[in-house]
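Have a look at the structure below before the remarks.
The values are calculated or read from the model by the stated rules, or taken from the named source; none is laboratory data. The structure displayed is predicted, hence computed values, not measured ones. Using ideal geometry, Cβ is built from the backbone for each residue, glycine included, and neighbour counts are taken over all protein chains shown. The area values use the complete protein model at the heavy-atom level, side chains included, leaving out ligands, DNA and RNA. Shrake-Rupley method; radii C 1.70, N 1.55, O 1.52, S 1.80 Å.
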Amino acid sequence: MQLVVARIGRAHGIKGEVTVEVRTDEPELRLGPGAVLATEPAETGPLTIETGRVHSGRLLLRFEGVRDRTAAEALRNTLLIAEVDPEELPEEEDEFYDHQLIDLDVVLADGTEIGRITEISHLPSQDLFIVERPDGSEVMIPFVEEIVTEIDLEEQRAVITPPPGLIDESEAVIASSRDEETGETAPGDAASGDAASGDAAEAPKGDA
């Protein structure tokens, strides 16, 4: 099975390095020196990784045969594709490969259908499910355990408990109006100086 593991960004420096947008939770395995990757468009590859390093939070790669900025810039927006055994599973129990999550049905705890996962977006802060709804519209759902409460691969579904407004924007408006009427402070807003000085808990991040 072929999986997209990265997208090449702009050239970095003058010696052929490129920035990459990582699309795998295992960059050490998929994007390490010596890895041979297919490409999209196909005529750009295959590419063999010669070196890799992290600079200012971004992964930089150099490929064999790419020695200057002009050659590196010519690779911009190329997708890097790895061959992965479809039976291979991540090491951690609560981690999933993108291909395991694509096409899962997304439902509420009561079984209400929300849509189908069509894409996983890997952002620096968290991963997002891009979910296509029955009417063709899309909704983005953060892959964090407070929202995505269950991934059932046997049943091919992801169970979510969304906060007001995530699925239906009108719910956010209603909740906000209710808070104003009752004088309550919306979640996340400091009600006093003491509350504002507390340490904020970081939400656990799911792996895709």
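In a fully extended conformation the segment linking S137 and L123 would gain 2.9 nm over its present Cα-Cα distance, using 0.36 nm per residue. On full extension, the segment bounded by D152 and T39 gains 37.5 nm, given 0.36 nm per residue less the C-alpha separation. When the surface is traced with a 1.4 Å probe over the full set of protein chains, I120 keeps roughly 20 Å² accessible.
Nearest 20 debye, what's the magnitude of the dipole of the stretch 18-158 about its Cα centre given +1 on Lys and Arg Cβ and -1 on Asp and Glu Cβ? Each step should come with its number before you reach the end.
On the way: 11 positive and 35 negative charges, 266 e Å.
Approximately 1280 debye in magnitude.
Give me the distance in nm between label points sitting 7 Å out from Cα along the Cα-to-Cβ direction at E145 and S56, one decimal. In this crude label model, E145 to S56 measures out at 3.5 nm. Inter-label distance, D103 to T161: 3.0 nm, where each label sits 7 Å from its Cα along the C-beta direction. Once the C-beta distance of A71 and Q2 is scaled by a Förster radius of 22 Å, the resulting FRET efficiency is 0.35 to the nearest 0.05.
Once the Cβ-Cβ distance between E113 and I14 is put in as r, and R0 is 35 Å, what FRET efficiency do you end up with, to the nearest 0.05? Intermediate values should be presented prior to the final figure.
Details: r = 53 Å, r/R0 = 1.51.
After rounding to 0.05, the efficiency reads 0.10.
When only Cα pairs below 8 angstrom with a gap of at least 6 residues are kept, the stretch 48-160 shows a relative contact order of 15 percent.
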